[in-house]
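Every read-out reported here was derived from the displayed coordinates using simple, explicitly stated rules and does not represent laboratory data. All values reported here derive from a predicted model rather than from experimental measurement. Cβ coordinates were reconstructed from backbone atoms using ideal geometry, including for glycine residues, and neighbour counts include every protein chain displayed.
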Amino acid sequence: MFVFGCMSLGGGPYIADSFSTRFPGFVSFVCMILISPLGLLVCLECFGVREKRKIWVLVVSAVSAAVFVSGSVLLLNGVPLPRVFIMVYTLLLGTFVTVVIREWKELIPFRDMTRGLFKFSLILFLDILLIVAMLVSQIFQLHYVLCILWTVQVLSIYGIVLIVFHTPETFRLIGDEANRIRYERVTLNKEKVDSSMETLDRLMRQERLFRRPSLCLEELAKRCSLTPHELSELLNLHMGQSFRTYLNGLRIDYARMLLSEQPDTPIIDIIYDCGFNSKSVFNAAFRASCGKTPSEWRKACLRTSDSESEE
């Protein structure tokens, strides 16, 4: 939000003064560079992309840093700021066009998309057209046109940011829709599914890999000799659970066992022993699964044990 606010405050005076005010223009220049990696993260979240996400972000961040350094050098050497902005528009255009081409290849035909995913794809496509129009306006110095386009761009970004803050589940649902389309195009055969299920069960139930707080989809997929996409398919399509739901379920089951078998162990120790690194997250997940708080569950177990002993 801070980045977009600075971009708005800097861009307004810069455009109003016919692109001659250098400091506000430079603020907008920096903020627009940051939009590229930040926008990429939002797009990957909405398209449900997990595989190679870190590589994508690192590459775009490195390119963004290179554009910032080269742009700053050009400004110090007297190159007009409007010309430097052309580099930024090119960066943004390259980032979002790459995302669209890569993801639409997996998600088309559009008739398979649900309404939420289709709307997000349409917004992204319109944003790309908007960036192209801004690039052309910048090249030909169409100041009034660029002012209008800038206003529309800022408003659209603020709209997306407000959705992220107020209804973050919207983007999660869109991502789930994208993953559903991918998983329907099955890549694992029955033999691979059976062997992978056995490996997953051994790692998670016998070796209790879920107790590692840092365990992520990519790491577990590697241990199962699967790609992150294949593991997601295995969990979602064949087990009916997302990775996070599956992982938390195992942790909660283990916590219930410890709460009943170790009545004197502090609950906070059990939380960390199960793999959670946040008390609030554990309490929320436990209550959602069991309908009780951990303390209430332990007391119920103790009452049951006492009654059985009396009998």
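Remarks
- The string of couplings for region 226-242 from the Karplus curve (6.51, -1.76, 1.60, θ = phi - 60°) is 10, 7, x, 5, 5, 5, 4, 4, 4, 6, 6, 7, 9, 10, x, 9, 7 Hz, one whole number per residue in order, with x for Gly and Pro.
- Once the Cβ-Cβ distance of ASN277 and SER72 is raised to the sixth power relative to R0 = 30 Å, the FRET efficiency obtained is 0.15.
- Spin-label pair ARG303/GLU198, simplified geometry with 7 Å Cα→Cβ offset, distance in nm: 4.5 nm
- Sites VAL132 and GLU219, calculated FRET efficiency, Cβ-Cβ separation with R0 45 Å, nearest 0.05: 0.70
- Under a model in which nothing but the beta-carbon of Lys, Arg (+1) and Asp, Glu (-1) is charged, region 185-310 shows a dipole of about 400 debye around its Cα centre.
- Computed label-point distance, nm, for sites ILE139 and ASP269 using a 7 Å Cα→Cβ extension: 6.8 nm
- Principal semi-axes in Å for region 185-310 [√(5λ), Cα gyration tensor, largest first]: 32, 15, 13
- Relative contact order (percent, whole number), region 185-310, Cα cutoff 8 Å, 6+ residue spacing: 21 percent
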